[in-house]
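*Asks:* One structure, as structure tokens, below. Some questions next.
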Amino acid sequence: MTSTPRIAIYGAGMVGNYLGGRLHGHAQVCFIARPHVAARLKNHGLTVSDLHGHHQHVPAATLDIATQLDTVREADAVLVTVKSAATAEVAHELAEILAPGTPVISFQNGVRNTAELRAALPTCRVLSGMVPFNVAQPEPAHFHQGSSGALMIERSTALSPSLLSAFAAGGLPLQLCDDMQAVLWAKLLINLNNSLNALSGLPLREQLAQRAWRQCLALLQREGLRVLQAAGIRPAQLTTLPAHWLPTVLSLPDALFHRIASRMLAIDPLARSSMWDDLQARRRTEVDYINGELVVLAKSKGLRAPANARIVALVHEAEQSYVRWEAPALLKTLLNS
């Protein structure tokens, strides 16, 4: 790999554009984007910012934007940031282009994507990654990191010093991990709030500040933890508290929660979940790969996950006709599932 790595980002959406913007100038970044996204980047350039004060604009003339995959052939690494439902299609396309040994990193929600990519790309070095923070688009071609956390990635010799250096120089140091499946399951438990936030219609910080919404999340997480225990899966600890303590803390009265768990509310005031963005844009959501994943796992163990199954159904209904829920009504619905 060259001293300035060539990184292709397949899926220039919220996460892909944000990562690419931060890496720009520290790596040769190529954005593989849908035509309307490519047009927006060519018109506006790319702006990235975060809740800690970072603000960076990349002029359109300096961006390498493509809608076809030919440019990926020469990539030193490929970051896959598409929605989970598109993983199989992406893997098939990359299989026809990538050179053997090319690192392919999945920075996607859910727990299945790496396995799908590996099955289709047996000669590549496919690695699991995890993005802990929220990314929103406050303006066209402006991508804002609204919460904190370090990128995590599977430890591997495929990660060259120059690739690691590019991420670090871009303010996104990669935290190496030996058990990414445990990390992905832990992230999935946290991401159970994505659907609740989408149904609430509220910014994340405002939603999590309300006990009734946190009680909904606690219910979903308790159900998920029971399923994971039955499956012999132990989620990693991604927050200051172990995963099995989170439902108890989330259920605390507002004043006590704000005092004990203030870090959970260290979120940009306008940040919302990507699932909310999908519903507003009338796009298919990833609920089947988050809440739905627990429903499938429960069934495989002869169990049920009724609250998460109910959320899956409600989000699919919202994909057709968006309805904003109030927390007490949703909590009652989940308890009666």
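The values are calculated or read from the model by the stated rules, or taken from the named source; none is laboratory data. In this text, all values refer to a predicted model and were calculated from it rather than measured experimentally. Every residue, glycine as well, gets a Cβ built from its backbone with ideal geometry; the counts of neighbours run over all protein chains shown. Heavy atoms of the whole protein, side chains included, go into the accessibility calculation; ligands, DNA and RNA do not. Shrake-Rupley method; radii C 1.70, N 1.55, O 1.52, S 1.80 Å.
*Asks:* I'd like the accessible area for Tyr322, computed on protein heavy atoms only with a 1.4 Å probe and all protein chains in place. Round to 10 Å², please.
*Replies:* 70 Å²
*Asks:* Here is a further query. Per residue, how big is the convex hull around the C-alpha atoms of region 208-270? Give it to me in cubic angstrom, could you?
*Replies:* On the way: hull volume 5.5 nm³, N = 63.
Once divided by residue count, the hull of region 208-270 is 88 Å³.
*Asks:* Quick one: compute the contact order of region 148-272, relative version, from alpha carbon pairs under 8 angstrom and 6+ residues apart, as a percent. Mind dumping the intermediate values first?
*Replies:* Working: 124 pairs, mean separation 35.7, N = 125.
Worked out over region 148-272, it gives 29 percent.
*Asks:* Working from Cα positions, state the angle (0 to 90°, nearest 10) between the long axis of helix 14-23 and the longest principal axis of the chain.
*Replies:* 50 degrees
*Asks:* Something else about it: Note down the Stokes-Einstein diffusion coefficient of region 6-178 in µm²/s, whole number, using a Kirkwood radius over alpha carbon pairs, 25 °C, and 0.890 mPa s. Write down the numbers at each step before the final one.
*Replies:* Values: Rh = 15.9 Å.
Calculated translational D: 154 µm²/s.
*Asks:* So what's the back-of-envelope 222 nm ellipticity for the chain, counting only DSSP H runs of four-plus at -39500 (n - 2.57) apiece and dividing by all residues, rounded to 500?
*Replies:* -13000 deg cm²/dmol
*Asks:* Now for a separate question. Take Ile97, Ile190, Ile153 and sort them by solvent-accessible surface of the protein heavy atoms, 1.4 Å probe, largest at the top. If you can, show how the numbers build up before the last one.
*Replies:* Details: Ile97 30, Ile190 65, Ile153 0 Å².
Ranking Ile97, Ile190, Ile153 by accessible area, largest first, yields Ile190, Ile97, Ile153.
*Asks:* Based on the mean of other Cβ atoms within 10 Å per residue, sort peptides 40-46, 218-224 so the most packed one is first.
*Replies:* On the way: 40-46: 17.7, 218-224: 23.1.
With the highest mean Cβ count within 10 Å placed first, the list reads 218-224, 40-46.
*Asks:* Continuing with the same structure: Please list the non-local residues whose amide H lies under 5 Å from the amide H of Gly146, H modeled 1.01 Å from N, same-chain partners needing a gap of 5 or more.
*Replies:* Here the answer is Asn134, Val135, Ala136, since their amide H atoms fall under 5 Å of that of Gly146.
*Asks:* Round to a whole number: what % of the accessible area of the chain belongs to carbon and sulfur, probe 1.4 Å?
*Replies:* Working: 7720 of 14660 Å².
Its accessible area is 53 percent carbon and sulfur atoms.
*Asks:* For the chain, build the charge dipole from Cβ charges (+1 Lys, Arg; -1 Asp, Glu) around the Cα centre, then report which of Pro122, Met180, Val29 sits farthest towards its positive end.
*Replies:* Going by the Cα projections, it comes out as Met180.
*Asks:* Moving on to the next point. May I ask you to give the solvent-accessible area per residue for the chain, in square angstrom, as obtained with a 1.4 angstrom probe?
*Replies:* Values: 14660 Å² over 337 residues.
Per-residue value: 44 Å².
*Asks:* Taking the radius of gyration and the Kirkwood hydrodynamic radius from Cα positions alone, what is the Rg/Rh ratio for the chain, to two decimal places? Provide the component values of the computation, followed by the final result.
*Replies:* Values: Rg = 19.6 Å, Rh = 20.4 Å.
Value, to two decimals: 0.96.
*Asks:* With a cut-off of 8 Å between alpha carbons and a minimum separation of six or more residues, what is the relative contact order of the chain in percent? Each step should come with its number before you reach the end.
*Replies:* Values: 624 pairs, mean separation 52.5, N = 337.
With pairs under 8 Å counted, the relative contact order is 16 percent.
*Asks:* Ok, one more. Just to confirm the number: angle between the C-alpha axis of helix 35-44 and the first principal axis of the chain, 0 to 90 degrees, nearest 10?
*Replies:* Once rounded, the angle reads 70 degrees.
*Asks:* Please report the net charge: other residues with Cβ closer than 11 Å to the Cβ of Ala298, K and R +1, D and E -1. Can you show the working numbers first?
*Replies:* Working: positive: Arg226, Lys299, Lys301, Arg304; negative: Glu223, Glu293.
Taking every Cβ under 11 Å from that of Ala298, the sum is +2.
*Asks:* Roughly how much of Thr123 is accessible, in Å² to the nearest 10, using a 1.4 Å probe?
*Replies:* 80 Å²
*Asks:* Further, regarding this structure: Compute the separation of the alpha-carbon centres of region 286-322 and region 141-158 and state it in Å as a whole number.
*Replies:* The two parts, judged by their Cα centres, are 26 Å apart.
*Asks:* Next question, about the same structure. Where does region 207-337 land on the Kirkwood hydrodynamic radius, alpha-carbon pairs, in angstrom? Present the calculation step by step, with values, prior to reporting the outcome.
*Replies:* On the way: mean 1/r = 0.0632 Å⁻¹.
With all distinct Cα pairs of region 207-337 included, I get 15.8 Å.
*Asks:* Going by Cα centres, region 211-282 and region 1-41 are how many Å apart?
*Replies:* Each part's Cα centre sits 31 Å from the other's.
*Asks:* How do Arg6, Arg226 stack up against each other in accessible area, from largest to smallest, with a 1.4 angstrom probe? Present the calculation step by step, with values, prior to reporting the outcome.
*Replies:* Working: Arg6 80, Arg226 140 Å².
Greatest to least solvent exposure: Arg226, Arg6.
*Asks:* Report, in debye and to the nearest 20, how large the dipole of the chain comes out about its Cα centre when Lys and Arg carry +1 and Asp and Glu carry -1 on their Cβ. Write out the running numbers ahead of the final one.
*Replies:* On the way: 30 positive and 25 negative charges, 171 e Å.
Roughly 820 debye for the chain.
*Asks:* As a test question: what accessible area, to the nearest 10 Å², does Glu74 have when a 1.4 Å probe is rolled over all protein chains in place?
*Replies:* 120 Å²
*Asks:* Let me ask something else. Report, in degrees rounded to the nearest 10, the 0 to 90 angle that the Cα long axis of helix 291-300 makes with the longest principal axis of the chain.
*Replies:* It is inclined by approximately 70 degrees.
*Asks:* Now, a different point. Reachable aspartates and glutamates from Lys332, Cα under 20 Å, same-chain residues fewer than 8 places away excluded?
*Replies:* The reachable aspartates and glutamates, counting only those whose Cα sits under 20 Å from Lys332, are Glu223, Asp254, Glu317.
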